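Written below as structure tokens is the structure these notes are about.
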Amino acid sequence: MNHKPVVPKDASAIILLDQKLRKVLWARRNPKLKFLGGFHSFPGGKVDTEDFHADVRNCENEESVPLIASAVREVFEEVGVLLVRNGDKLTTGQIASLHDDLISQRSTFAEILNHWNLWIDAEDFFYTGFWTTPEFSPIRFKTRFFIAVCPSKQIPYRAISELEEPEFIHPESALEIWRRSQVLISPPVLISLQELASRASQDQQISLDTVSRNLLKKSENAHRDLDYIELNPRFTCLPLRTNTLPPATHTNCFIVGKQKFVVIDAASTDENEQRKLFKLVDQMIVKGNSCEAIIVSHLHPDHFGGETALQRHLFNEFGIILSISSHRITAESLKGKVEILTFIDDGQSYALADEYGNKFILDTLHTPGHARGHLCFYNEEFGFLLSSDNVVGLGTVVIAPPEGNMIDYLNSLERMKNLPNLNFLCGSHGAAVSDAKGRIAEYIEHRLMREDQVLQCVRQGSREPNSIAIKIYEGLNSHLMPLAEKSVIAHLEKLRIEGRI
């Protein structure tokens with residue numbers, strides 16, 4: 001398998017409760033951020049060198065000093081809340097001035113604490129364990145989570161651009177918003193909200209000690225790693241390691257539905273990765289849930305390879321007989337590699353159900369361009385699109401003739417962008433995207449920009465795809481240049497068909 005995983009960086013985050021211990025602070029990450037842009041999260045960030053010099057007292061574990069200091073500093077930077085002792089003597093204006101000193105880098109956080117006789121008391125923070133960003137991500141953190149209480153008279157606000165719309169919210173209300181697919185949240189945030197909601201109501205305080213112990217146990221039981229991501233109650237993403245194109249290392253396998261579900265792109269040929277999928281599917285089957293289909297989205301080798309193993313596993317373990325499904329063009333292309341007996345047409349729908357039995361429809365879209373038989377999948381009610389390889393959260397999309405066609409691809413992007421109620425999307429590589437229409441529009445704009453560059457090169461006398469690629473992809477890694485050349489060929493074909501060259 002290709003590519004070594006990125007080594008996670010140390011980070012910390014604060015689960016900040018209000019004074020009444022009934023609400024928790026969350027905020028929307030700036031959509032332009034490379035890591036989980038647009039996701040709702042708790043304030044936090046990576047550990048800096050200066051965090052080792054902060055005055056942290058009553059800390060039994062010396063290794064925790066920079067982690068707690070980092071969490072406190074990040075909360076102050078992002079939402080303007082200062083979680084320190086002796087801070088009650090500061091006026092609102094003084095706190096704002098200290099924040100400006102920190103953000104402008106006139107003073108380090110340690111210097112601010114020392115100058116104003118402030119310190120961090122480790123006993124004010126309840127450790128809830130740590131979670132590590134999965135291997136598929138090019139940006140990874142080993143994040144320690146702490147619970148703390150917001151000081152009286154301090155009101156969180158958007159202190160810098162990284163976090164938007166910070167608010168205290170009842171945990172159950174936050175979960176209900178997520179259940180309706182109105183926000184994206186990462187697994188550690190989801191697990192924390194679920195635990196907070198189970199321990200409190202709008203009329204009952206949250207027990208810091210109980211919640212911290214339970215969350216710590218959950219992180220330990222999961223070995224602080226998560227194999228899958230619940231994007232919402234209908235869509236589960238399981239990244240599986242495949243031989244895919246860099247910078248990606250995994251292909252997202254999707255399980256859509258619970259009581260009635262389908263599996264899309266069980267692509268990995270690695271037995272360890274397949275066992276992850278088998279375990280998740282088995283947990284659903286033993287509860288009486290029903291697998292309705294095993295689907296291959298398109299023909300590229302990082303999108304098939306494990307579906308037959310899943311098909312065989314379901315029969316051997318449960319006596320379930322399922323044929324593998326794809327678009328007819330994909331089935332013809334994979335003849336001799338995968339036995340595909342059920343064909344999916346554009347507009348075909350699957351009637352599925354969530355864990356509570358609530359029914360919903362998953363529509364199938366034939367979206368050629370990246371591949372002739374390429375399929376996407378859409379749930380209009382939730383406004384959630386599985387864009388397969390047409391739009392991805394990591395890397396770029398290669399349009400490689402003769403399988404790829406630039407005219408078809410741009411038409412497919414336009415169709416996807418104009419889907420009714422479109423909100424979120426998740427492609428086959430990388431994380432989900434919070435602004436689906438905006439991301440698709442960026443893809444269209446980028447392709448048209450490349451097309452204009454190709455056209456200008458031709459008008460200046462360049463005719464060979466290789467020479468054009470070298471000019472317009474200046475600085476690209478040499479091993480990726482053949483892929484860039486294929487995209488140039490696709491643009492040239494489009495320009496010729498349109499009579500522009």
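The values are calculated or read from the model by the stated rules, or taken from the named source; none is laboratory data. Just so it is clear, the model here is predicted, and its values are computed rather than measured. Here the Cβ is made from the backbone with ideal geometry for all residues, glycine too, and neighbour counts use every protein chain on show. The area values use the complete protein model at the heavy-atom level, side chains included, leaving out ligands, DNA and RNA. Shrake-Rupley method; radii C 1.70, N 1.55, O 1.52, S 1.80 Å.
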Computed from every Cα-Cα pair in the chain, P(r) in 20 Å bins starting at 0 and rounded to whole percents is 21, 49, 27, 3
May I ask for the equivalent-ellipsoid semi-axes of the range 302-347, computed as the square root of five times each C-alpha gyration tensor eigenvalue and listed largest first in whole Å? 20, 13, 8
K335 to E271: FRET efficiency via 1/(1 + (r/R0)^6), r the Cβ-Cβ distance, R0 30 Å, to the nearest 0.05? 0.75
Sorted by average packing, counted as other Cβ atoms within 10 angstrom per residue and highest first, what order do 344-354, 286-296, 56-66 take? 286-296, 344-354, 56-66
Rounded to two decimals, what ratio of Rg to Rh does the range 401-480 give with C-alpha atoms and a Kirkwood Rh? 1.05
Provide the solvent-accessible area of Y127, counting protein heavy atoms only and rolling a 1.4 Å probe, rounded to the nearest 10 Å². 80
Label model pair R158, K34: point-to-point distance (7 angstrom along the Cα→beta-carbon line) in nm is 2.4
Please enumerate, by chain and number, the aspartates and glutamates with C-alpha under 16 Å from the C-alpha of K258, excluding those fewer than 8 residues away in the same chain. E230, D282, E292, D354, E355
Cleavage-rule hits (trypsin sites (Lys or Arg not before Pro)) in the range 81-126: DSSP loop, at most 13 neighbouring Cβ within 10 angstrom: R106
So if I take the alpha carbon set of the range 210-343, get Rg, then get Rh from the Kirkwood formula, what is the Rg over Rh ratio? 1.01
Spin-label model distance (nm) - E381 vs E176, 7 Å beyond Cα toward Cβ: 1.8
If one compares the long axis through the Cα atoms of helix 65-79 with the longest principal axis of the Cα atoms of the chain, the angle in degrees, nearest 10, works out at 80
Under 13 Å from a label point 7 Å along Cα→Cβ of E165: give me every residue in the range 175-211 with its amide N that close. 177-178, 181-185
Please express the Cα-Cα pair-distance distribution P(r) of the range 1-46 as a list of whole percents, one per 10 Å bin, running from 0 to the bin with the greatest distance. 22, 38, 27, 10, 3, 0
Between the range 164-209 and the range 79-124, what's the alpha-carbon centroid distance in Å? 28
Kirkwood hydrodynamic radius over Cα pairs of the range 289-408, then Stokes diffusion coefficient at 4 °C and 1.567 mPa s, in µm²/s: 84
Quick one: which of 163-172, 19-28, 245-254, 90-99 comes out on top by average Cβ neighbours within 10 Å, and what's the full order, highest first? 245-254, 19-28, 163-172, 90-99
In degrees, nearest ten, helix 481-497 long axis to first principal axis of the chain (Cα): 60
Work out how much length L495 to D345 would gain on full extension: take 0.36 nm times their residue separation and subtract the Cα-Cα distance, in nm to one decimal. 51.1 nm
Can you bin the range 1-83 into rounded, prolate or oblate? Criterion: square roots of the alpha carbon gyration tensor eigenvalues sorted a ≥ b ≥ c, rounded for a/c under 1.5, prolate for a/b above b/c, oblate for the rest. oblate
